[in-house]
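Every number here is computed from the coordinates shown, using simple stated rules; none is lab data. A quick note: this is a predicted structure, and the numbers were derived from the prediction, not measured. Reconstructed Cβ throughout: ideal geometry from the backbone, glycine too, with neighbour counts over all protein chains shown.
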Amino acid sequence: MRLQLLGLLVVLTTFTWATQAAEPPPPPVKPPVERPFTADSAKAAADKAEAWLGQSYDFKGVTFGDPKSPNAKMPGVIALVVRALAECRHDYRESNGPFITGPVKYLLECQQENGAFALKEGGRETYNTALTIAALSALENDAYTGKIEKARAYLLKCQIKDGGFSYGYGFHGGSDLSNTWIALNGLNASGYAKVKESADVYKSVLNFVRSCQDNIETNPTEDGKLGENSGGGYYTPTKSEAGTLKTRKGDTVPKPYGSMTAAALESFMLCGLKADAPEVKAALKWFKANFSAKENPNVGAAGYFYYAAAAARALKAAGVKELEAADGHKINWAAELGSQLAKIQRPDGSFVNTEAKWLEDDPVVCTAYALTALTLCRETLK
Amino acid sequence: MSYRLPLILAVMLLATATLYAAEPPPPVPAKGDVKAQTLEAIKKAQKFLIDNANEDGTFGKGFAHGVPGVVALATYGLASGPAKLTADKAPALAKAAEYLVGKQDAKGAIWIPKFQNANYNTSTAVMALKALNDPKYNEVLDKAKEFILNCQLDEKAGYEKDVHIRSYGGFAYAMSLQANLSNTIFAMDALKDLGLKEDSPAFKNALTFVRRCQDNLETNDSPEMKFGDNAGGFVYLPGESEHDTFKTRAGKEAPVPYGNMSFQGLRALLYCGLGKDSPEVKAAMKYIRANYDVKNQPGLPDASKGQGYFYYTVALARCLSVYGESELDLGGGKKAAWGNDLGGYLATIQKADGSFVNPVDRWQENDPILCTSYALIALNLAYENIK
């Protein structure tokens, strides 16, 4: 009797377990997986950033953010915002609202006799003019062609003998890669590449940009033969914001860093070089070894947002989605950069740097850069 | 000893039976009894929502269960229609109302900042609280009205009628950059409930925006809406559709008009006082008749099929209720009793527990609370229009 009972129990238990086996087994307990950063993630962060810029706009005073900020009336800063809004996924144009038409009207009023877009008291004419040209060009309104061309004529006067651009016409402190890169952005945005005479200009600019890159094969200067051949960029042929480094051979050379390597990379593309050009490949080599989503490589927090926007522009222009690091692992730069930006974004949608250098204590500046970077991250991740 | 075996057997059989427990099959609708079916569907949907009501006034356990807009839509659905519940009979409604009231901020918005969409949330909350019909909410509603009006992009926000053609007169997500027709109609629904009429400045300005969203050359002055096929349907905002562009008969790229915005746009025109014989309304009805379908939203590319279906049922039902014809003349001798069609169809896709859900998750339609609320609102209106 007991044996039969046992047998019955076994049958029933097996029957029960067997039917349970027909159901899918419960999933194994896994550690929580971080949600991957996708195009939609970038969209969400970018939308919050543009909403902050929009609601920070005062249509009466024509300012973004704090009207008492020293940057509030600077054409270049306003242009940075307008350009970021025009390039974001909503393609803002004048027909969208006063946050475009107001700044545009103001920017046009900032055009000086000599064609520069600048404040009356002067200063940073190259930045202000080039960024304004880029912003106005992005709005695709033929009514501004004449003024853009007049500004472009001024901008070209800011180029000096070594091919680079300085702070403004008549500036005595020499040229640098940052002004040069921004100037190229302005020139290209206005369609300068289609103008016949531009070929010589691009040739001379290219020569300057090459002289700011640690790439022995293509750097035309004597000092340019002394570096470690890392492919990275620096501020001028002899100066770097990241300081210097002593090479294995014992020479002291400028230390390449993130923002200027990005500036060099995009500048090469804007001058017409292709992705397989040695200069471009060298810059990408530097990024493979040094890319960071969290700081301006070899500098730290200073200029992080400038770097984020510049790196996003440059890598997108070079058609790169992944950087393969030395150990073989692939860096999805858009996912990493976008993810970091989303992490540090403030609850109100804005961004600001802990380091005040280069205007990055100003949330208007940082949010405009971040919006540009996030827009490009989204386009790359789609 | 002898009783243990039957007990063990009983437990094992019960366990086995439970493993095999399946959903009972959905009831087979009796032919010709669509009114009863629709009422049955309404009551089952109500039961689902009430069964999933939480102590704090929200519904369900989904990620977005705390979103005031979702709470509001459930409340509005439950408090409307042929079997409507009242706060005193259904404690879940009273709790939901308290939840909404508790989310109002100093500017009058009823929302949770983390979830954004202040206008949608405030507008649906207004509709829900109005449906509960209790004067104790008047102060909350007055402040909400002020907030909603501030979401309109007009002169007081620096917008000019003939300059800011993409935006002027429309309502934005919050006090921000981009107006669209969906935010606009939700705001108009709320403002209408709060007493605004067609002659109010808000509605007059909204009409400018709504016209600019219609694929109708005769009445649309937006330069970005010049290239459509003149089908009479509506897009999301001038020059833009949520379903991107299509190639017109003339070979141009134009934003795709689609069901959701077409029904919302027509209803907005009617709220603004345009008559049935106005060119805009005639053009809209031309689109609606030509594309009549209660099962699938017209205008969607294949890849987007199913997106926003439950939003569509509400847009269709609310629009045709306001238009005021229970039977549409589709031409060629065909007629459509839309209440019968919609009520009958929704009853067949309702799950056994009374819920509805969209297998396509865009716009949160993987949330059964949201979809059931939408479906309930649609069923309530379908019921009233069953012939």
Spin-label point model (7 Å from Cα, Cβ direction): what's the B:R289 to A:K239 distance in nm?
-> 7.5 nm
P(r), alpha carbons of chain A - 20 Å bins starting at zero, rounded % = 27, 52, 11, 6, 4, 0
Which one of A:T238, A:G224, A:N207 has its Cα pushed farthest toward the positive end of the charge dipole of the stretch A:193-239, where Lys and Arg give +1 and Asp and Glu give -1 at the Cβ?
-> A:N207
Specify, per residue and in Å³, the volume enclosed by the convex hull of the alpha carbon atoms belonging to the protein assembly as shown.
-> 223 Å³
In straight Cα distance, which aspartates and glutamates are under 12 Å from B:K114, not counting same-chain residues fewer than 8 positions off?
-> A:D348
Computed, not fitted: 222 nm per-residue ellipticity of chain A from DSSP H runs ≥ 4 (each -39500 (n - 2.57)), nearest 500, equal to -16000 deg cm²/dmol
Give a quick list of GluC sites (Glu not before Pro) in the stretch B:275-339 that DSSP marks as loop, anything other than H, G, I, E or B, with at most 16 other Cβ atoms within 10 Å.
-> B:E325
Could you give the angle, 0 to 90 degrees to the nearest 10, between helix B:338-349's Cα long axis and the longest principal axis of the Cα atoms of chain B?
-> 40 degrees
Highest GNM mean-square fluctuation, chain A, Cα pairs closer than 10 Å: which of A:I331, A:I148, A:I133?
-> A:I331
P(r) tail for the stretch A:135-202, what percent of Cα pairs lie past 20 Å?
-> 27 percent
How big is the stretch B:248-356 in terms of Cα radius of gyration and Dmax, in angstroms?
-> 14.9, 49
Across 5 Å bins beginning at 0, the whole-percent shares of Cα-Cα pair distances in the stretch B:116-268 come to 2, 10, 20, 21, 18, 13, 8, 5, 2, 1, 0, 0
How many angstrom lie between the C-alpha centres of the stretch B:125-161 and the stretch B:200-262?
-> 26 Å
Using the alpha-carbon centroid of each, what span in Å lies between the stretch A:226-289 and the stretch A:143-218?
-> 19 Å
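Within 14 Å, Cβ to Cβ, of B:F186, how many net charges do the neighbouring residues add up to if Lys/Arg are +1 and Asp/Glu are -1? Don't skip to the answer; put the middle values down first.
Values: positive: B:K130, B:K145, B:K192, B:R267, B:R318; negative: B:D189, B:D193.
So the surrounding residues net to +3.
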What does the highest-first list of B:215-228, A:47-60, A:285-298 look like by mean Cβ count within 10 Å?
-> A:47-60, A:285-298, B:215-228
Within chain B, helix-based [θ] at 222 nm, where runs of 4 or more DSSP H residues each add -39,500 (n - 2.57), nearest 500 = -15000 deg cm²/dmol
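Give me the net charge of B:S222's neighbourhood, meaning all other residues with Cβ under 10 Å from the Cβ of B:S222; Lys, Arg count +1, Asp, Glu -1. Mind showing how you got there, number by number?
Working: positive: B:R166, B:R211, B:R212, B:K226; negative: B:D221, B:E224.
Computed value for this residue: +2.
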Here the net charge surrounding A:E324, from other residues whose Cβ is less than 15 Å away from its Cβ (Lys, Arg +1; Asp, Glu -1), is +2
For chain B, what percent of Cα pairs sit more than 39 Å apart?
-> 19 percent
Low-density loop cleavage sites - trypsin sites (Lys or Arg not before Pro) in the stretch A:79-173, where at most 13 other Cβ are within 10 Å (DSSP) = A:K120, A:K161
Springs between alpha-carbon atoms under 10 Å, Gaussian network over chain B: tell me which of B:A118, B:A144, B:A87 tops the mean-square fluctuations.
-> B:A87
Among the GluC sites (Glu not before Pro) within the stretch B:86-146, which fall in a DSSP loop and have no more than 11 other Cβ atoms within 10 Å of their own Cβ?
-> none
Candidates A:N207, A:N219, A:N141; GNM for chain A (alpha-carbon contacts under 10 Å) flags as most fluctuating A:N141
